[in-house]
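The values are calculated or read from the model by the stated rules, or taken from the named source; none is laboratory data. Computed from a predicted structure; not experimentally measured. When we count neighbours, we look across all protein chains shown, and the Cβ atoms used for this are built from the backbone with ideal geometry, even at glycine. Protein only, heavy atoms only, side chains kept; ligands, DNA and RNA dropped before computing areas. Shrake-Rupley method; radii C 1.70, N 1.55, O 1.52, S 1.80 Å.
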Amino acid sequence: MSSCTELRKKLFIRGEWIATKEYTKLTSPYTNEVIAEIPFATEEEVDYAIDSAFQARTIMAQMPAHQRALILERLVQLFEERAEEAASIIALEAAKPITTAKGEVARTIQTYKFAAEEAKRIHGETLPLDAAPGGERRVAYTTREPIGVVGAITPFNFPMNLVAHKIGPAIASGNPVVLKPASQTPLSSLFLAELLHEAGLPDGALNVVTGSGRIVGDKLVTDPRVSMITFTGSPEVGIGIRNKAGLKRVTLELGSNAALIIDKDVNIDKVIPRCVIGAFSNQGQVCISLQRVYVHEDIYKDFYEKFVLATEKLKVGDPLDPETDISALISPNDIQRTLQWIEEAKNGGAKVAAGGKAEGNILYPTIILNANPHLKVSCQEVFAPIVVVNKVQSIEEAIELVNFSRFGLQAGIYTNNVHTAFDAAEQLHVGGVLINDIPTFRVDHMPYGGVKESGFGREGIKYAIEEMTELKLVIINRN
Ligand code: NAP
């Protein structure tokens, strides 16, 4: 029986909906109204979920590729049938404007489609062992085996698609999962559990455990039956996980303060709409949200004046209104924090050219000019609709400023000079360089991940499958 239509939700373990003793109230970030009661799992319940996944290991590992693909194809179909409902869930629990939420559901469908396809393409290679003296008449080949139980811990900002980036490749490669969604966005994951159950996933292959990040997270990270932790979230939590995980495989998709360089000869009118999307979609709560823009001095003034005008056209309001561009931040604490950071910027000599104020839980889209690199709005991850725009004298100076960061997820550069483009691609210290686009571009099959405190390991289905499988070597001696 599904728990999706009831106010009081249940854990999903071993193919069943399970009530727990304690519940917490889930409220809408926009209205503050209670929207659900969420089970607060105990350590014993997490233990049961891990045991269920551990028991499901063999059935998942032995399941043929076509069957794993079929389950994912059925999931895609169910998502397509219930796309409206899926988008409403995201809009409700995350205050994501409904139009953006629909976009996330479309992306989620893409991600599971890629997973269904990749399930059929997992293979090793043959090796010429006779390349080494003593290797003659030996045949060698590699295979990729499922790693075992995957502990997946996910953030609030893309509650369906970032979950898909873990569950999709895990199923495609024959691994069972215990999923711990963010406390603010558990409904998307419970919805997924319902769909995957209907799609025919074996019991225990997906277990969804809601509750405290620390209690559930610690148990997943330290339990020896869990072979891998795949985490997307803040650097602070990610580093803590890495320190506790011992020899478990860990992939970390962490934060950033993504930057864009704009060279002097580019057509600003083409760039500005992209910058508005990059800086403000989902209220800037995107790991590759555009946070820093370095513009060549020749076009700096023209750029920021037009950028301010375009930003002021954005509509703030109810996430369920299709006209809304910007809605509430995920928590009132984030309003307090970001207003303090804006104040610090002003006191540090920066100028607020747009926004800079809050109404209820909404922070107006904010553009800050002339912010020095040591201000929080420059060097920390703002995770809010705030972007700093600074003037540079050369591209070399801009590259240096982009690289002056704890983070390195993606960076972009607009230029018409092919040499500048190649130099930037080489010199920017990030996981992905976008030439003539904002750093906020992502499609779901590309390798995605960062350097420095942005984490390590890559997602993008094929790349996540590599992380979720073990390479095995087989040698046949024909001598
Ligand atoms: P977060 O606070 O780090 O939470 C992420 C997840 O970790 C949640 O499920 C959280 O549970 C759990 N958690 C909290 N404490 C834990 C612990 N001690 N052990 C194990 N798990 C624990 O991040 P967030 O605020 O949800 O998301 C925003 C962050 O995610 C930003 O930094 C953003 O850049 C990053 N992000 C990165 C990517 C990427 O692909 N690189 C994508 C999206 C977001 P609770 O919710 O119950 O605390």
Task: Modelled FRET efficiency - R0 56 Å, residue 19 with residue 372, Cβ distances, 0.05 increments - done: 0.55
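Given contacts defined as C-alpha pairs under 8 Å and at least six residues apart, what's the relative contact order of the chain, whole-number percent?
Values: 1129 pairs, mean separation 88.3, N = 479.
The normalised contact order for the chain reaches 18 percent.
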Task: Between 0 and 90°, nearest 10: helix 213-222 axis offset from the chain longest Cα axis - done: 50
TODO: Compare the peptides 291-298, 153-160, 235-242 by average per-residue count of other Cβ atoms within 10 angstrom and give them in order, highest first.
DONE: 153-160, 291-298, 235-242
- [ ] In whole angstrom, note down how far apart the Cα centers of the stretch 357-411 and the stretch 87-116 are.
- [x] 27
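Heavy-atom accessible area per residue, the chain, 1.4 Å probe: how many Å²?
Numbers: 19740 Å² over 479 residues.
Accessible area per residue, the chain: 41 Å².
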Task: Inter-label distance for residue 418 and residue 222, nm, one decimal - labels placed 7 Å from Cα along Cα-to-Cβ - done: 5.8
Task: Largest-first principal axis extents, alpha carbons of the stretch 259-443, Å - done: 47, 35, 30
Open item on the list: Nearest 10 degrees is fine. How inclined is helix 65-81 to the longest principal axis of the chain, computing both from alpha carbons?
Closed with: 40
Open item on the list: Tell me the Kirkwood radius of the chain: reciprocal of the mean inverse pair distance over distinct alpha-carbon atoms, in Å.
Closed with: 23.3
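Just list whichever of 306/357; 113/376; 180/462; 264/315 have alpha carbons separated by over 28 Å in the model shown.
Working: 306/357 20 Å; 113/376 39 Å; 180/462 23 Å; 264/315 30 Å.
Cα-Cα > 28 Å for 113/376; 264/315; rest within.
Please give the length that would be gained between residue 247 and residue 400 if that part of the chain were fully extended, namely 0.36 nm times their separation in residues minus their C-alpha to C-alpha distance (nm, one decimal). Mind dumping the intermediate values first?
Numbers: separation 153, 0.36 × 153 = 55.08 nm, distance 3.55 nm.
Using 0.36 nm per residue and subtracting the Cα-Cα distance, I get 51.5 nm.
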Task: With Cα atoms, 0 to 90° folded angle of helix 83-94 axis to the chain main axis - done: 60
Task: Point-to-point label distance, residue 309-residue 61, nm (Cα→Cβ direction, 7 Å offset) - done: 6.4
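Tally the DSSP beta bridges in the chain and give the antiparallel ones as a percent, rounded to 5. Spell out each step's value before the answer.
Working: 30 of 70 bridges.
Counting DSSP beta bridges with both partners in the chain, the antiparallel share is about 45 percent.
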Task: Full-extension gain in nm, residue 441 to residue 8, via 0.36 nm per residue minus C-alpha separation - done: 152.2 nm
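Computed FRET efficiency, Cβ-Cβ of residue 142 and residue 212, R0 30 Å: what is it to the nearest 0.05? Don't jump to the answer; show the numbers that get you there.
Values: r = 40 Å, r/R0 = 1.35.
E between residue 142 and residue 212, to the nearest 0.05, is 0.15.
Filter the cross-link list 166/248; 270/301; 9/244; 120/472; 351/452 down to pairs whose alpha-carbon distance in this structure exceeds 27 Å. Kindly include the intermediate steps, with their values, before the conclusion.
On the way: 166/248 16 Å; 270/301 16 Å; 9/244 30 Å; 120/472 18 Å; 351/452 30 Å.
Checking Cα-Cα distances, 9/244; 351/452 exceed 27 Å.
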